[in-house]
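**Student:** There's a structure below that I have some questions on.
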Amino acid sequence: MTALKTSSPELTGPILTTTQLEQVSRLASSLNQQQAIWVSGYFAGLSQQAPAALLAPDAMLAPGVGSHEAPAAVPGTRLTTILYASETGNSKELAGSLADAAKAEGIEAKVADVADYKVRSLKDEQDLLIVAATHGEGDPPQTALDFFEFLEGRKAPKLPEVRFAVLALGDSTYEHYCSAGRRVDERLAELGAERIAERVDCDVDYEDDAEEWIASIVGQLVASRPESDGAATNGAVAVPAAGGVSTPSAFSKKNPFSAEVIDNLVLTGRGSTKETRHVELSLEDSGLDYQPGDALGVVPQNDPALVSTLIEKLSLDAEAEVTVKKEPASLTDALTGGFEITAATPRFLEHWAELADSAELRALCGTDQAKERTAFLHDHHVLDIIDRFPAPGVEAEQFTAGLRPLQPRLYSIASSLAAAPDEVHLTVSTVRYSLHDLERTGVASGYLAGLTDEDATVPVYVQSNDHFHLPDDDAPILMIGAGTGVAPYRAFMQEREERGADGKSWLFFGERNFRSDFLYQVEWQAMLKNGSLDRLDLAFSRDAAEKVYVQDRLRARGRDVYAWLEEGASVYVCGDATYMAPDVNTALTDLIAEHGGFDEDGAQEYLADMRRNHRYRLDVY
Ligand code: NAP
């Protein structure tokens, strides 16, 4: 046993069961030091305690890891660690699938969120597999910022002993596609680590590419096992379906539940400049459950009017047969539920450039045209491209071959199961705008807005969002949200009310106009009255000549906000990622500096420390 202890001051001694202690003992004598450290971390994970040497406190293990049997670590076996940097849960899910696929081949891997990973352990890794999502305009997920800062900083160690592979997730409609994964991949190579395989970049329809990558990586790991003849799998590993690891219900992203629409109301009042809806769905008999902070995946259908317009513009037969997910379908069905037909991707541009034989489009596809291409795609949906660059005689299948599969959309859940059993509520802002004199509607928000019939149903699944869950009942919470970003706070407060949580709570809410856009006004006021919500600050941006935003309210209440932080409050930010979240971050930094007596660096460190301790949580896009 002593071999498993390290001199690290962080080794606080995880509590293991007797069986686990016996397993550790048996293994200990045959392991070298690195293997021993890895195994101690592994068992620490099993005991749900802080893994001794590798993970920081609050370490979170991927689904399935806690239920693994003892690792089959044998002398000479390379140790495998799988890290994920996840924003919406896809990378985490794939990390779990990779671990399962490795396990099926007798390779035990430790799985961790980079947010919980002790970066100093990097140099002790042997085989390091990373699944990294890119968020917003090319950034790593919020929770991965510290990991990236360390990895790309001067303190990052040389890693000549480490082998690695990176799977990057992203969205090709963005200019900095998969840039987080690319950064990790390039940096690890720069630090001297050896690539096991080339990085694979996956678009929003990542499943097939990811499965292939997983199979190939596990094949490589098997091949490099000292006792292996390398021919056991030859890369052809049975991979569990992505998404099959986290949801105990029979319903998942791949098999969504058809939820009945119970209610679909416009929340915004007369005269509002926007339409925000409250949608209630039934989860009865689905077995689906969720926690406040989680998201609901909605599988939408495209606007039938847009489908008809496209078919007409292309002079195609609505019943022509095309292939969707390897199955035959009519063109109408394919364009309704199979493919994205609004925003175009760079791949569609390339595809259409050839079909339309357009030099202008071809020029836009050049590698040096990223900015121009992004600007063009911003202004030109699929419909606008085929309209402006006709391709006479194009066939149905030629057209759909350039489109990408229709993706589900995630919405923050606005209810708590404790308060509304068997239900899930959403707060949805219907996206409507005009482009080239044509009225457009957001794919999922428009679809949901149209579900007003009594027997309407919608395919849904639950996407867990560990980074945005509530703290302990007695911890104070500060909730900051603008527009529909208020949704998860309704879930938080319902849950806290039901549980009789005694932690204080304070909501900062911003919208356009008090009269028409004070979402859930009556509910907040009732909560204030019954004492479950302690404070409410409102910022209505369009009621006065000068704009007022949530961050202005935060600054104005700076002294009290700082006092709450000092009392251990957790801060939540939900809503727009591009402008609001950075502005709120600046306001928090400023008020911490002012009221805590820090310089700017000190205030930033204060916030970074909160983030590391899961007390500063963002759910923004
Ligand atoms: P919205 O109308 O876009 O904005 C709501 C309020 O925020 C308005 O009063 C707006 O003011 C104000 N605002 C504008 N710029 C701001 C800034 N820099 N800082 C603070 N407030 C600012 O609201 P919405 O249509 O409901 O959309 C909300 C946003 O949240 C969307 O971007 C949505 O995608 C996002 N969202 C994200 C999540 C998530 O990540 N889980 C959940 C829900 C919503 P003015 O318009 O008057 O300038």
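**Student:** When residues of the stretch 416-440 are filtered for being more than 14 Å from the ligand (Cβ to nearest atom), of a type outside the set (D, E) and not in a loop (DSSP other than H, G, I, E, B), how many remain? Working first, answer last.
**Tutor:** At the first step, the residues of the stretch 416-440 found to be more than 14 Å from the ligand (Cβ to nearest atom) are 416-424, 434-440.
Still in the list and also of a type outside the set (D, E): 416-421, 424, 434-436, 438, 440.
This time we only want the ones that are not in a loop (DSSP other than H, G, I, E, B), so: 424, 434-435, 438, 440.
Number of matching residues: 5.
**Student:** Output the residue which, of all residues in the stretch 508-520 that are assigned to a helix (DSSP H, G or I) and open to solvent by less than 60 Å² (accessible area, probe 1.4 Å), is nearest to the ligand (Cβ to nearest atom).
**Tutor:** Pass one, the stretch 508-520, residues assigned to a helix (DSSP H, G or I): 514-517.
Filter once more, keeping what is open to solvent by less than 60 Å² (accessible area, probe 1.4 Å): 516-517.
On the way: S516: 12, D517: 7 Å.
If we take residues in the stretch 508-520 being assigned to a helix (DSSP H, G or I) and open to solvent by less than 60 Å² (accessible area, probe 1.4 Å), then D517 is nearest to the ligand (Cβ to nearest atom).
**Student:** Now, a different point. Could you check, for the stretch 109-123, whether at least one of its residues is on the phi > 0 side of the Ramachandran plot and either in contact (Cβ under 8 Å) with a residue 24 or more places away in the chain or of a type in the set (A, V, I, L, M, F, W, C) (or both)?
**Tutor:** Of the stretch 109-123, the ones on the phi > 0 side of the Ramachandran plot are none.
No: zero hits.
Matching residues to (1) free of Cβ contacts under 8 Å to residues at least 24 places away in the same chain; (2) closer than 17 Å to G481 by Cα:
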residue: D502; (1), (2): no, no
residue: F509; (1), (2): no, yes
residue: L519; (1), (2): no, yes
residue: R535; (1), (2): no, yes
residue: A539; (1), (2): no, yes
residue: E546; (1), (2): yes, no
residue: R553; (1), (2): no, yes
residue: A556; (1), (2): yes, yes
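**Student:** Among the residues that make up the stretch 477-496, is at least one of them within 16 Å of the ligand (Cβ to nearest atom) and either assigned to a loop (DSSP other than H, G, I, E, B) or at pLDDT below 95 (or both)?
**Tutor:** Among the residues of the stretch 477-496, not one is within 16 Å of the ligand (Cβ to nearest atom) and either assigned to a loop (DSSP other than H, G, I, E, B) or at pLDDT below 95 (or both), which makes the answer no.
**Student:** Could you please let me know if Y447 is within 14 Å of the ligand (Cβ to nearest atom), open to solvent by 10 Å² or more (accessible area, probe 1.4 Å) and not β-branched (V, I, T)?
**Tutor:** On the way: within 14 Å of the ligand (Cβ to nearest atom): no; open to solvent by 10 Å² or more (accessible area, probe 1.4 Å): yes; not β-branched (V, I, T): yes.
In short, no.
**Student:** Restricting the search to the stretch 250-272, which residues are touching a helix residue (DSSP H, G or I) at 6+ places or on another chain (Cβ under 8 Å) and not charged (D, E, K, R)?
**Tutor:** Across the stretch 250-272, the qualifying residues are N264, T268, G269, G271, S272.
Residue by residue, here is whether (1) touching a helix residue (DSSP H, G or I) at 6+ places or on another chain (Cβ under 6 Å); (2) free of Cβ contacts under 8 Å to residues at least 24 places away in the same chain; (3) open to solvent by 40 Å² or more (accessible area, probe 1.4 Å) holds:
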residue: S282; (1), (2), (3): no, no, no
residue: D289; (1), (2), (3): no, no, yes
residue: E354; (1), (2), (3): no, yes, yes
residue: A363; (1), (2), (3): no, yes, yes
residue: D384; (1), (2), (3): no, no, no
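**Student:** Within the bounds of the stretch 573-593, is there any residue that is assigned to a helix (DSSP H, G or I), away from the ligand (no atom under 16 Å from the Cβ) and not polar (S, T, N, Q)?
**Tutor:** Initially, the stretch 573-593 is screened for residues assigned to a helix (DSSP H, G or I), giving 580-593.
Applying the additional criterion that residues be away from the ligand (no atom under 16 Å from the Cβ) yields 592-593.
Filter again for not polar (S, T, N, Q), leaving 592-593.
The answer is yes; a qualifying residue exists.
**Student:** What are the residues in the stretch 452-461 that are open to solvent by 20 Å² or more (accessible area, probe 1.4 Å) and in contact with a Ser or Thr (Cβ under 8 Å, 6 or more places away or on another chain), if any?
**Tutor:** Filtering the stretch 452-461 down to residues open to solvent by 20 Å² or more (accessible area, probe 1.4 Å) leaves 452-455, 457, 459.
If the condition is that a residue be open to solvent by 20 Å² or more (accessible area, probe 1.4 Å) and in contact with a Ser or Thr (Cβ under 8 Å, 6 or more places away or on another chain), then T457, P459 are the ones that fit.
**Student:** Within the group A344, A334, A295, A329, which residue is within 29 Å of E523 (Cα to Cα), modelled with pLDDT of 95 or more and surrounded by 17 or more Cβ atoms within 10 Å (Cβ to Cβ)? Steps first, answer last, please.
**Tutor:** Details: A344 fails: within 29 Å of E523 (Cα to Cα); A334 fails: within 29 Å of E523 (Cα to Cα); A329 fails: within 29 Å of E523 (Cα to Cα).
The conditions single out A295.
**Student:** In the stretch 248-262, is there at least one residue being of a type outside the set (D, E, K, R) and within 16 Å of the ligand (Cβ to nearest atom)?
**Tutor:** Restricting attention to the stretch 248-262, the residues satisfying the condition of being of a type outside the set (D, E, K, R) are 248-252, 255-259, 261-262.
Those still in the list that are within 16 Å of the ligand (Cβ to nearest atom) too: none.
No, the stretch 248-262 contains no residue that is of a type outside the set (D, E, K, R) and within 16 Å of the ligand (Cβ to nearest atom).
**Student:** Something else: Quick one: in the stretch 450-476, of everything that is hydroxyl-bearing (S, T, Y) and either away from the ligand (no atom under 16 Å from the Cβ) or modelled with pLDDT of 95 or more (or both), which residue is nearest to S415 (Cα to Cα)? Full working, then the answer.
**Tutor:** Step one: filter the stretch 450-476 for residues hydroxyl-bearing (S, T, Y), giving 452, 457, 461, 464.
Still in the list and also either away from the ligand (no atom under 16 Å from the Cβ) or modelled with pLDDT of 95 or more (or both): 452, 457, 461.
Details: T452: 20, T457: 19, Y461: 15 Å.
Here the answer is Y461.
**Student:** Something else now. Exactly one condition in (1) buried (at least 18 other Cβ atoms within 10 Å of the Cβ); (2) within 13 Å of the ligand (Cβ to nearest atom) is not met by L538; state its number.
**Tutor:** (1)
**Student:** Ok, one more. In the stretch 594-613, which residue that is modelled with pLDDT of 95 or more and either within 16 Å of the ligand (Cβ to nearest atom) or assigned to a loop (DSSP other than H, G, I, E, B) (or both) is most open to solvent (accessible area, probe 1.4 Å)?
**Tutor:** Going through the qualifying residues, I end up with D599.
This table checks each residue for (1) small (G, A, S); (2) within 16 Å of V620 (Cβ to Cβ).
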{"residue": "I480", "(1), (2)": "no, yes"}
{"residue": "G500", "(1), (2)": "yes, no"}
{"residue": "D534", "(1), (2)": "no, no"}
{"residue": "G575", "(1), (2)": "yes, yes"}
{"residue": "Y579", "(1), (2)": "no, yes"}
{"residue": "P582", "(1), (2)": "no, yes"}
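**Student:** Listed residues T367, T400; which is more than 16 Å from the ligand (Cβ to nearest atom) and without any contact (Cβ under 8 Å) to a residue 24 or more places away in the chain? Explain how you work it out, then say what you get.
**Tutor:** Numbers: T400 fails: without any contact (Cβ under 8 Å) to a residue 24 or more places away in the chain.
Criteria check complete, one pass: T367.
Residue-by-condition table, conditions (1) out of contact with any helix residue (DSSP H, G or I) (no Cβ under 9 Å at 6 or more places or on another chain); (2) assigned to a helix (DSSP H, G or I); (3) farther than 29 Å from L221 by Cα:
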site	(1), (2), (3)
A132	no, no, no
A144	no, yes, no
L151	no, yes, no
E161	no, no, no
L167	no, no, no
T173	no, no, yes
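**Student:** If G500 passes every condition in (1) within 16 Å of the ligand (Cβ to nearest atom); (2) small (G, A, S); (3) out of contact with any helix residue (DSSP H, G or I) (no Cβ under 8 Å at 6 or more places or on another chain) but one, which one does it miss?
**Tutor:** Answer for G500: the failing condition is (1).
A quick yes/no check of all residues on (1) more than 12 Å from the ligand (Cβ to nearest atom); (2) of a type in the set (S, T, N, Q); (3) open to solvent by less than 70 Å² (accessible area, probe 1.4 Å):
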{"residue": "K504", "(1), (2), (3)": "yes, no, yes"}
{"residue": "N530", "(1), (2), (3)": "yes, yes, no"}
{"residue": "D543", "(1), (2), (3)": "no, no, no"}
{"residue": "Y549", "(1), (2), (3)": "no, no, no"}
{"residue": "L554", "(1), (2), (3)": "no, no, yes"}
{"residue": "W564", "(1), (2), (3)": "yes, no, yes"}
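**Student:** Restricting to the stretch 507-522, what's the tally of residues that are acidic (D, E) and either farther than 24 Å from D576 by Cα or more than 29 Å from the chain's Cα centre (by Cα) (or both)?
**Tutor:** Of all residues in the stretch 507-522, those acidic (D, E) come to 511, 517.
If we keep only those that are either farther than 24 Å from D576 by Cα or more than 29 Å from the chain's Cα centre (by Cα) (or both) as well, we get none.
The number of residues fulfilling the criteria is 0.
The values are calculated or read from the model by the stated rules, or taken from the named source; none is laboratory data. A quick note: this is a predicted structure, and the numbers were derived from the prediction, not measured. No Cβ is skipped: glycine too gets one built from the backbone with ideal geometry, and neighbour counts run over all protein chains shown. Only protein heavy atoms, including side chains, enter the accessible area calculation; ligands, DNA and RNA are left aside. Shrake-Rupley method; radii C 1.70, N 1.55, O 1.52, S 1.80 Å.
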